[in-house]
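For reference, the structure discussed in these notes is given below.
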Amino acid sequence: MRAAVCPAPGAPVRVEELRDPRPKEGEVLIRVAACGVCHSDLHVARGDLKFPTPVVLGHEISGTVEALGPGAAGPAPGTRVVASFIMPCARCPRCLEGRDDLCETYFAMNRAKGTLYDGETRLFRPDGTPVAMNMMGGLAELAVVPATDVFPLAPGLPLAESCILGCAIMTAYGAAKHAAGLRPGQSVAILGAGGVGSNLVQIARLFGAAEVIAIDVRDEKLPEVMKLGASRFVNAAKTDPVEAVLALTAGRGVDAAFEALGRPETVAQAFRMTRDGGATVIVGLAPAGVAAPIEITRLVRRGIRITGSLGCRVRTDMPEIIRLAGEGKIDVARPVSRRYRLDQVQEAYDTMQRGEIVGRAIVVL
Ligand SMILES: [Zn+2]
Ligand SMILES: [Zn+2]
């Protein structure tokens, strides 16, 4: 099969021919239709995080079931499916308490070592060299995913665009539902209108937010985030975003401020625009070791909750998210603004790194 391989940290991603992978026990082989282009893969490609190479990136996929491994309780071959970037083992203590987002096996085996849960990769070059899997290694024609992370798509959903359910949308959903606990009538600010941020706009509306303030440094993102449900747009390159949000909320700040960039200055801004008793929710990932300045007395005196949020509770949230998308309450097509071929992956990453992608770009296989 063809796959986009990052041969070494910092080296450009290129298409290689790999052996067709085979699913083992409890796993599903998916013929990938599309894979989203997400910033968190860049941390691996650039070498910000220690990770084995060569590696296949890509973790936000939709496609059709090609084959089931032995004993896999997966949907039948031919079923249209989506897989989330968190692949819960369903056996560790955190999975057993429903916190798939904290799955110990996933972090120990996949995010630290680039393998599936028997400690081995499913990907190999023709000469037998093992190729690591960043999550399921979705930027390839075929991907092996544990059956716990394979979800049938609702009828009527577009197959390619639905890949963004597996990271951008489920991350926005988990942050709004579990981390912020958003309630109808609340006010929200979102720092960074990229893949997750632009979907946070529509998810905040889904949870009934009355005021949704989108903040970015590029005016060209304004029309799209307004269509997704933003009530205001603040250009942080032209005006101080904290002052702007305070001015729009009678000096109080927002009930929930979401930071989708993983940068010290925007984390601090999100905290400073959160109202007394509100929540600052960080969803942006940063290179290892990066810290943000938080004013201690403001945190204590104002009873602000600062919480991180990675993805969602996969096995319970994904079926719900797919149902909402199937009913048209979550739009999978509108956030997708660009489509690339597999041999254009590096170009897609470069464009994303320049901050030029509105919403989400996807690679269509
Ligand atoms: Zn992602
Ligand atoms: Zn687990």
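The values are calculated or read from the model by the stated rules, or taken from the named source; none is laboratory data. Remember, predicted model here, so these are calculated numbers, not experimental data. No Cβ is skipped: glycine too gets one built from the backbone with ideal geometry, and neighbour counts run over all protein chains shown.
Looking only at the range 287-304, which residues are surrounded by 15 or more Cβ atoms within 10 Å (Cβ to Cβ) and either among the small types (G, A, S) or not assigned by TED's automatic domain parsing to the domain that holds E265 (or both)?
Residues of the range 287-304 that are surrounded by 15 or more Cβ atoms within 10 Å (Cβ to Cβ), as a first pass: 292, 294, 299, 302, 304.
Passing the criteria: only A292.
Under the condition of being in contact (Cβ under 8 Å) with a residue 60 or more places away in the chain and either among the small types (G, A, S) or closer than 30 Å to A73 by Cβ (or both), the residues counted in the range 300-319 number 12. Checking each residue in the range 78-94 for being outside any strand (DSSP E or B), within 22 Å of the chain's Cα centre (by Cα), in contact (Cβ under 8 Å) with a residue 40 or more places away in the chain and at negative phi picks out S84, F85, I86, M87, P88, C89.
One residue alone among L57, L68, L116, L42 is in contact with a Phe, Trp or Tyr (Cβ under 7 Å, 6 or more places away or on another chain), touching a residue at least 12 places away in the same chain (Cβ under 8 Å) and not charged (D, E, K, R), and that residue is L42.
Count of the range 28-77 residues, restricted to those that are within 14 Å of ligand 1 (Cβ to nearest atom), assigned to a loop (DSSP other than H, G, I, E, B) and at pLDDT 95 or above, is 4.
Residues in the range 337-358: is at least one assigned to a loop (DSSP other than H, G, I, E, B), more than 16 Å from the chain's Cα centre (by Cα) and modelled with pLDDT of 95 or more? Yes, some residue in the range 337-358 is assigned to a loop (DSSP other than H, G, I, E, B), more than 16 Å from the chain's Cα centre (by Cα) and modelled with pLDDT of 95 or more.
Only residues that are touching a strand residue (DSSP E or B) at 6+ places or on another chain (Cβ under 8 Å) and either within 13 Å of ligand 1 (Cβ to nearest atom) or over 18 Å from L365 (Cα atoms) (or both): list them for the range 134-152, please. Matches in the range 134-152: N134, M136, G138, L139, P146, A147, D149, V150, F151, P152.
Looking at the range 187-303, what helices (runs of 4 or more DSSP H) fall wholly within it and have at least 3 residues that are more than 28 Å from V44 (Cβ to Cβ) and of a type outside the set (V, I, T)?
Numbers: elements: 195-206, 222-227, 241-248, 264-272, 296-301.
Where helices (runs of 4 or more DSSP H) fall fully within the range 187-303 and carry at least 3 residues being more than 28 Å from V44 (Cβ to Cβ) and of a type outside the set (V, I, T), they are 195-206, 222-227, 241-248, 296-301.
Annotation for the range 94-102: at least one member residue is at pLDDT 95 or above and within 16 Å of ligand 1 (Cβ to nearest atom). Restricting the range 1-20 to residues that are in contact with a Phe, Trp or Tyr (Cβ under 8 Å, 6 or more places away or on another chain) and closer than 16 Å to A143 by Cα leaves a set whose member that is surrounded by the fewest Cβ atoms within 10 Å (Cβ to Cβ) is R19. Of P264, P319, all but one fail to be within 27 Å of A154 (Cβ to Cβ) and either touching a Phe, Trp or Tyr at 6+ places or on another chain (Cβ under 8 Å) or at pLDDT 95 or above (or both); the exception is P319.
The residue of the range 95-116 that is farthest from L139 (Cα to Cα), among those that are within 9 Å of ligand 2 (Cβ to nearest atom) and in a loop (DSSP other than H, G, I, E, B), is R99. Counting only strands (runs of 3 or more DSSP E) that sit wholly inside the range 121-162, those with at least 3 residues that are closer than 23 Å to R91 by Cα and assigned by TED's automatic domain parsing to the domain that holds E60 are 142-146, 150-152.
Does E211 satisfy being assigned by TED's automatic domain parsing to the domain that holds Q269 and surrounded by fewer than 24 Cβ atoms within 10 Å (Cβ to Cβ)? Quick ask: steps written out before the conclusion?
Numbers: assigned by TED's automatic domain parsing to the domain that holds Q269: yes; surrounded by fewer than 24 Cβ atoms within 10 Å (Cβ to Cβ): yes.
It is true that E211 is assigned by TED's automatic domain parsing to the domain that holds Q269 and surrounded by fewer than 24 Cβ atoms within 10 Å (Cβ to Cβ).
Residues that are surrounded by 15 or more Cβ atoms within 10 Å (Cβ to Cβ) and under 17 Å from A67 (Cβ atoms) within the range 21-47 comprise P21, P23, K24, G26, E27, V28, L29, I30, R31, V32, A33, listed in sequence order. The set of residues in the range 314-337 that are touching a strand residue (DSSP E or B) at 6+ places or on another chain (Cβ under 7 Å), farther than 20 Å from A230 by Cβ and surrounded by 16 or more Cβ atoms within 10 Å (Cβ to Cβ) comprises M318, I322.
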